[in-house]
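All remarks here apply to the structure that follows.
FYI, it's all coordinate maths here, none of it is from the lab. None of these values were measured; they are calculated from a predicted model. Heads up, the Cβs are rebuilt from the backbone with ideal geometry, glycines too, and the neighbour counts pull from every protein chain shown.
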Amino acid sequence: MPVVNATVAAVFEQIADLLDIEGANPFRIRAYRNAARTIGGLGTDVGTLLKRGEDLRELPGIGDDLAAKTREIVETGKSAFLDRLQKQVPPAVAELLRIPGLGPKRVRTLYHDLDVQSLEQLLRAARDGRIHELPGFGAKTESRIVEAVQAQLSKVRRFKLAVAAQHAEPLLAYLKASPDVVDVVIAGSFRRMCETVGDLDILATAQPSAKVMERFVRYEEVREVLSHGATRGSVVLKSGLQVDLRVVAPECFGAALHYFTGSKAHNISIRRLAQARGLKLNEYGVFRGARRIAGETEQSVYASVGLPYIEPELREDHGEIEAARTGRLPNLVETADLKGDLHAHSKASDGHDSIRDMALAAKARGLSYMAITEHSRRLTVAHGLDPVRLARQIDEIDLLNRELAGLTVLKGIEVDILEDGMLDLPDSILSRLDVVVAAVHSKFGLSCARQTERILKAMDNPHVSLLAHPTGRLIDEREPYDVDMPRVIRKARAARCHLELNAHPERLDLLDSYCRMAREEGVLVSVNSDAHSVHEFDNLRFGVGQARRGWLEKKDVLNTRTLKEVRKLLRRPG
Ligand code: DGT
Ligand code: CA
Ligand code: CA
């Protein structure tokens with residue numbers, strides 16, 4: 001059973017937290033955090049990499065020790081080192097780090113001086129007034145802790161789509177491998193490709209039905225069985241992700257799939273249509289009186305209310321029912337429609353692989369062009385390119401293209417937009433490139449007016465072909481910067497610049513509502529991987545999911561075009 005990347009990442013994060021509380025060497029702690037990010041962000045399952053005999057030490061920041069620990073977690077599901085640390089510091093103590101304002105030093109004090117070992121104990125200690133007298137704390141901190149712990153305790157954890165997929169897909173394969181299973185599908189927000197999912201809702205038909213439920217609760221990654229009946233079961237995986245399984249009769253499968261795919265708002269509107277026709281619609285089927293008239297397939301459910309099939313990504317009650325009724329549903333873009341990728345890095349900046357390896361990986365995924373767009377010089381942490389290094393890379397790519405067959409590497413840059421809207425590299429070098437991706441990587445806190453002006457000004461530079469990750473948000477980690485997106489979208493149309501939908505699992509930026517706006521304005525969106533390693537082209541499918549949630553068709557997506565067409569669209573009026 002493959003142990004998913006997210007599990008490895010979670011173990012490394014836990015190790016880092018515990019080392020932090022113990023006051024270990026900061027470099028050592030950072031090494032674990034970086035490794036967690038690297039492995040957690042891989043598009044391919046690390047167990048598969050090991051099975052293929054790949055050397056994990058080629059991943060950035062993974063040396064002998066971390067490679068061995070990764071292998072250990074993959075093979076045993078555990079880390080002896082983490083077990084040892086947990087004997088010294090109880091794991092719930094690390095949870096205290098999630099409270100804003102509590103760093104490792106304070107957590108250490110709370111643990112050593114007050115024996116606080118959990119959020120609940122922390123709340124009690126704060127309410128009892130035992131905290132403000134500790135060294136380094138005060139009355140203000142104490143009352144802030146009360147608020148923060150309450151907020152934390154009431155927060156429901158959600159999983160990023162790509163992380164959920166790392167857990168969901170092996171489980172789905174495991175269930176499919178059961179000989180009595182006829183059909184099994186993950187429904188819910190996961191099927192709708194939502195940015196984050198609260199839990200997984202799996203539906204199956206099986207003959208007989210009991211065995212698949214047995215198999216489900218015995219899955220190796222299950223931490224806790226919440227309920228276990230003949231046709232309904234609920235478990236929590238080791239990652240904390242809850243999974244519900246329902247086994248339904250084949251004649252109900254379509255109705256159940258429709259019901260559990262949601263969204264709830266979409267379901268309610270469809271049920272209302274059914275009622276208007278004198279029908280009853282529930283998870284068992286569509287009924288006229290006691291007679292079942294539909295329910296085996298989702299198509300039959302929609303047909304019973306006079307509608308064509310509606311793709312799951314559209315089912316948010318955001319106008320899709322009206323569009324279906326009037327024959328105006330979009331014909332959504334698919335991953336297989338992508339012909340190229342206009343944003344990727346090699347190890348010349350902060351990527352991990354050579355340009356040649358990136359090109360071969362892109363080609364293996366069926367792409368026929370790929371742009372190498374390194375960071376520009378201002379981004380020193382990413383080893384950004386100055387004009388001299390970029391000129392050298394241009395020559396290198398020209399040489400490479402002469403020997404590559406079946407894929408063209410485009411010469412590009414991900415150039416920083418400076419605070420005043422100027423670009424980090426001069427036009428003299430930008431004019432030699434095929435693709436210029438402009439990006440904000442600093443000064444996220446500018447006022448809306450200044451941030452918007454800054455971005456509009458960058459788009460005025462005729463060399464800029466694409467605006468990268470237009471809102472800058474990181475899912476659950478960083479809010480979008482304050483920018484007037486409708487203005488940016490209108491500017492893109494006027495300047496004939498395109499917008500990126502960055503498919504990196506933490507970004508999925510452009511957001512779905514802005515995709516729709518772009519489409520309405522006739523602005524093309526480029527679904528790009530922003531790959532930093534050969535594995536990350538796999539993330540394109542999540543970007544396509546977001547594009548589909550944004551109603552985009554093949555024609556709305558720049559990189560579904562052939563290279564010849566894209567070259568024309570990238571050429572900007574001087
Ligand atoms: P999540 O898990 O929070 O990411 O979002 P969902 O959409 O997966 O929601 P979940 O897991 O609570 O329920 C799965 C689906 O079941 C949901 O999308 C629609 C359906 N559903 C749940 N509760 C209701 C309800 O009260 N009425 C109707 N019509 N459908 C419901
Ligand atoms: Ca769900
Ligand atoms: Ca659920």
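Here the spin labels are modelled as points 7 Å beyond Cα on the Cα-Cβ line, and at Q207 and H132 they lie 7.1 nm apart. Cα centroid separation, region 314-334 to region 98-168: 44 Å. The C-alpha radius of gyration of region 335-570, expressed as a fraction of 2.2 N^0.38 Å, stands at 0.92. Per residue, the average separation of C-alpha pairs within less than 8 Å and at least 6 apart gives the chain a relative contact order of 10 percent. As a length-normalised measure over Cα pairs under 8 Å and 6 or more apart, the relative contact order of region 419-482 settles at 41 percent. Region 16-65 and region 361-390 have Cα centres spaced 23 Å apart. For the peptides 179-188, 405-414, the ranking by packing is 405-414, 179-188, with the highest mean count of neighbouring Cβ atoms within 10 Å listed first.
Return the subset of K339/K411; K69/K160; K78/K238; K238/K264; K160/K238 for which the Cα-Cα distance in this structure is over 19 Å, preserving the input order. Beyond 19 Å: K69/K160; K238/K264. Between the residues I413, C448, N461, the greatest Cα displacement towards the positive end of the dipole of region 368-465, with unit charges on the Cβ of Lys, Arg, Asp and Glu, is found for C448.
Hey, could you get me the Stokes-Einstein D for region 291-366, Kirkwood radius over alpha-carbon pairs, 4 °C and 1.567 mPa s, rounded to whole µm² s⁻¹? Stokes-Einstein gives a translational diffusion coefficient of 80 µm²/s. Rounded to the nearest 20 debye, the dipole magnitude of region 335-570 is 740 debye, with +1 charges on Lys and Arg beta carbons, -1 on Asp and Glu beta carbons, and the Cα centre as origin.
What share of Cα pairs, in percent, lie more than 23 angstrom apart in region 18-106? Cα-Cα pairs of region 18-106 separated by over 23 Å account for 30 percent.
The Cβ shell under 14 Å around F287 holds other residues with a net charge of +3, Lys and Arg each +1, Asp and Glu each -1.
Relative contact order of region 264-325: 26 percent, from C-alpha pairs under 8 Å at least 6 residues apart in sequence. Using the alpha-carbon positions of region 142-194, Rg (one decimal) and Dmax (whole number) come out as 17.8, 57 Å. Just so you know, the Rg over Rh for the chain is 0.99, from Cα atoms, with Rh as the Kirkwood radius. The three principal axes of the Cα atoms in region 411-545 give end-to-end lengths of 34, 32, 29 Å, sorted in falling order. In whole angstrom, region 264-325 maps to an equivalent ellipsoid with semi-axes of 19, 11, 10, each derived as √(5λ) from the alpha carbon gyration tensor and ordered largest first. Remark: spin-label model distance A276-R496 equals 4.5 nm, labels positioned 7 Å along the Cα→Cβ axis. Taken along its principal axes, the alpha carbon cloud of region 493-570 reaches lengths of 34, 29, 20 Å, longest axis first. Here region 5-154 was treated as a single set of alpha-carbon atoms; its pair distances binned every 10 Å from 0 give 11, 37, 26, 17, 7, 1 percent. On the basis of the beta-carbon distance and an R0 of 30 Å, D113 and D350 show a calculated FRET efficiency of 0.15. Here's the picture: charge each Lys and Arg Cβ at +1 and each Asp and Glu Cβ at -1 in region 264-325, and of A265, N282, A324 the one pushed furthest to the positive end of that dipole is N282. Placing +1 on each Lys and Arg Cβ and -1 on each Asp and Glu Cβ, with no other charges, gives the chain a dipole about its Cα centre of roughly 1200 debye. Label zone (N331, point 7 Å along Cα-to-C-beta; backbone nitrogen cut-off 12 Å) within region 539-567: 553-556.
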